[in-house]
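The values are calculated or read from the model by the stated rules, or taken from the named source; none is laboratory data. What you are looking at is a predicted structure, and each value in this text was computed from that prediction instead of being measured. Cβ placement follows ideal geometry from the backbone for every residue including glycine, while neighbour counts extend to all protein chains displayed.
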Amino acid sequence: MSQVNDQKTLDQISRAAKTRRMILNIVIYVFLGIWGLIVLFPFYWMLLTSVKSYSSYNAEYIPKFFTLSPTLQNYFDAFTTVDLGRYFLNTIIFTVATTALMVVVITLAAFAFARLEFKGKNAAFGIFLSLMMIPTELVVITNFVTITNWDMRNTFWGLILPSVTSVFYIYLLKENFEQIPDELYKAAKVDGTSDMKYLLKVMIPICKPTMVTIVILKVIECWNSYVWPRLITDDAKYFLVSNGIQEIRENGFGRENIPAMMAAVMVISIPLIILFLIFHKKIMEGVSRGGTKG
């Protein structure tokens, strides 16, 4: 009889535990659902605004969360009002060149700090990390003066050079390189492998997830770059998509042309959205590897 009662008690406890887990899961999923709607709402609002006509948008004293007469005219205006296609090409050139040069620079720097031994390495790396404490505004001013003195305004080199390195990415990659056992490096040196060959054949393949993460984050950073391109270029031949969006916004017949601007933003955002959807697992894997020691 005692065993039967004990079994009933265990069943009751098990059912109660399952009920609590179910309630907890429901609360979590409801919270995540609400949070997902909050996060996705700006994208919905951007898409909705992009299919509203210029006149109907400006006639709304109270914003509406739907439209009964969607139009694609704003997408046509986005490419005809300004030379958005050229700006797209300029942005691709700027993004690819900047990302490629940065990968080379940070890989060599991270390898030097992670594997090479030289006098004052730790002190140099500490000073290097302290650069992250400098406000971005001060760096922009310094870069602007330097690029202007080098007569590189309104050139691709003027756009690219200030962005070819990153203290944070060097630190992230250095941490990953240091997770590779020293025995591999020593064995490679015994076999007569050069440092460059060891870097290319061993370290980079092992740290591929982090490399992919850095590349994707840099592409997104370059694609969304606004302040520096607006500051260093005033020739339309070197405008990026950020300049084009501002031009569209200002071309509103006396008022800001927000619908056309939102259409341009939608078109510009599509490559980044696709990129993230394809490589989001690599990004998560690379970030988790960068935050794991040992």
**Prompt:** For region 163-193, what are the residues that are more than 17 Å from residue 204 (Cα to Cα) and either touching a Leu at 6+ places or on another chain (Cβ under 8 Å) or acidic (Asp, Glu) (or both)?
**Reply:** 164, 167, 191
**Prompt:** Can residue 134 be described as within 30 Å of residue 202 (Cα to Cα) and not small (Gly, Ala, Ser)?
**Reply:** no
**Asked** Could you give every pair whose Cβ atoms fall below 6 Å, whose first residue belongs to region 177-199 and is in the same structural domain as residue 114 (by TED's automatic domain parsing), and whose second residue is at pLDDT below 80, counting only separations of at least 6 or pairs across chains?
**Response** 198/188
**Prompt:** Quick check: is even one residue across region 59-72 under 26 Å from the mean Cα position of the chain (by Cα), on the phi < 0 side of the Ramachandran plot and either surrounded by 18 or more Cβ atoms within 10 Å (Cβ to Cβ) or part of a helix (DSSP H, G or I) (or both)?
**Reply:** no
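Are there any helices (runs of 4 or more DSSP H) wholly within region 78-151 with 2 or more residues that are under 30 Å from residue 258 (Cβ atoms) and at pLDDT 90 or above, and if so which?
Details: elements: 84-115, 121-130, 136-149.
It comes to 84-115.
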